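Structure first, commentary second.
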Amino acid sequence: MEFFYHELDKDILILSADGGLNADTADQFVHELESLVDAGVKKIIVDCGRLDYISSYGIGVLVRLHKKLAKHGGDVKVAAVKSMVLQAMRIMHMGEVFSIYPNVDQARLSFRPRDAK
């Protein structure tokens, strides 16, 4: 599992996950993201376009990230989820926890204030 970060719109962090997210890879993911949240990042998009597998533990990590961001007034959005990963997320009702978008651009636009054009 590899993670790639880049900023978008100056205050949105895009996290591109490559490979799988499970108990073996989640510790690094959690440590890095919690450090970023503690440093003040409040808007994160997890780009799942290259995420091939997610376990229930990996989904739990995303929920943990969502809760930590919400506590700091932020939000996490999930984008470009492949069908197998999306199926796992739907089975666990993750659409009720965080927003899932078909691509990063739509997730990015959802962070805009409603009155912005």
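Residues of region 26-48 that are open to solvent by 10 Å² or more (accessible area, probe 1.4 Å), part of a helix (DSSP H, G or I) and in contact with a strand residue (DSSP E or B) (Cβ under 8 Å, 6 or more places away or on another chain): Q28, E32, L36. Considering only region 1-24, I want to know if a residue exists there that is modelled with pLDDT under 75, in contact with a Gly (Cβ under 6 Å, 6 or more places away or on another chain) and under 20 Å from S55 (Cα atoms). Yes: one or more hits. Quick check: anything in region 49-65 in a helix (DSSP H, G or I) and more than 13 Å from the chain's Cα centre (by Cα)? Looking through region 49-65, at least one residue is in a helix (DSSP H, G or I) and more than 13 Å from the chain's Cα centre (by Cα).
The rows are residues; the columns are (1) buried (at least 17 other Cβ atoms within 10 Å of the Cβ); (2) under 25 Å from A39 (Cβ atoms); (3) out of contact with any strand residue (DSSP E or B) (no Cβ under 7 Å at 6 or more places or on another chain); (4) at pLDDT 90 or above.
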residue: G74; (1), (2), (3), (4): yes, yes, no, yes
residue: V78; (1), (2), (3), (4): yes, yes, no, yes
residue: V81; (1), (2), (3), (4): yes, no, no, yes
residue: R90; (1), (2), (3), (4): no, no, yes, no
residue: G95; (1), (2), (3), (4): no, no, yes, no
residue: N103; (1), (2), (3), (4): no, no, no, yes
residue: S110; (1), (2), (3), (4): no, yes, no, yes
residue: R114; (1), (2), (3), (4): no, no, yes, no
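The values are calculated or read from the model by the stated rules, or taken from the named source; none is laboratory data. Computed from a predicted model, the values in this text were never measured in an experiment. A quick note on method: Cβ atoms are made from the backbone with ideal geometry, for glycine too, and the neighbour counts reach across all protein chains shown. For accessibility, only protein heavy atoms count, side chains too; no ligands or nucleic acids. Shrake-Rupley method; radii C 1.70, N 1.55, O 1.52, S 1.80 Å.
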